[in-house]
Amino acid sequence: MGNAMKTWIAGVVVAAFVGLVLLAPGVAHAEDAGSIAVVPFEARWGYSYDTELSPGMRNDEVRQILSQGFYGTGHLDQFDFLVVMTNFAFEMTEGGAPSDGFYTPVRNREKGIGWETFDYSAPFGSNSRLQGYIDLGSISGGYFNRDEKLRVLAHQLGHRWLAFPRFMDADENLSAELLGFNDSHWSFLLEPIRYEIGG
C-alpha cells in the first residue's frame, strides 16, 4: 500500500463512524492493515463486484456478503458507513452510466428527507447500526488522487441525507422538480450546490 493511500486514510478517519475496507483478490483471509480492513474477494466465487447487474438493477447481494464477512472477522458493529475500495477493476455504473462512486442505502430512520423509513441492515451483518455501503472504486493502476476520492466520498455521503429534496408547489402538491439524474441527484439547474450532490 502506497504512502498516498496511507495519508488519505489518516485524513479520513476522524471518527469511528466510518469503516474502511479494501477488497483484495489473493488474500487468504481477512486482516487489518492499520485502520483498513483487508477483506478477500475472488471472482471465482461466482460473484461479480460490478455495481449493477444490468442498467438500473443494483448488485447488492455481493455487498451484503462482503459486509457480513467484515463483521464476521471480529469487527464491531459500530460503523454508520462502510467505505470500500478495491485493488482490482470493476464496472461502477449508476442507471447504466459510468460513476465515480456508488452509494448502497442500508438503513433510514429519518423522516422528511425524501425517503421512506427502512432497515436492510441484517442482510449486511449489522444490527440496525449500518446506514450505507459506499464504493469509491479501484486503487489499482498506480494512480490515486486523494482530493478526488474525498470529493467522491462527500458526494456519496450526500446520498444519505441530501439527494431527494422535494417541496410543495403552488398547488400544494409534492414536487420532485429539484431532482436530477436518476431521481437521486439534485437538478443541474441548482447552483452552486449541484456540483456536490447533483448532475
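Couple of notes before you dig in:
- Just one of the listed residues (Phe81, Phe70) is within 17 Å of Ile134 (Cβ to Cβ), of a type in the set (Phe, Trp, Tyr), modelled with pLDDT of 90 or more and surrounded by 15 or more Cβ atoms within 10 Å (Cβ to Cβ), and it is Phe81.
- Residue check, Ala89 exposed (fewer than 14 other Cβ atoms within 10 Å of the Cβ), touching a Ser or Thr at 6+ places or on another chain (Cβ under 6 Å) and under 23 Å from Pro55 (Cα atoms): yes
- Candidates Asn145, Asn108, filtered to the one that is more than 20 Å from Phe41 (Cβ to Cβ), more than 14 Å from the chain's Cα centre (by Cα), at pLDDT 85 or above and not small (Gly, Ala, Ser): Asn108
The values are calculated or read from the model by the stated rules, or taken from the named source; none is laboratory data. None of the values given here were measured: they were computed from a predicted structure. Positions of Cβ are generated from backbone atoms using ideal geometry, with glycine treated the same way; all protein chains shown enter the neighbour counts.
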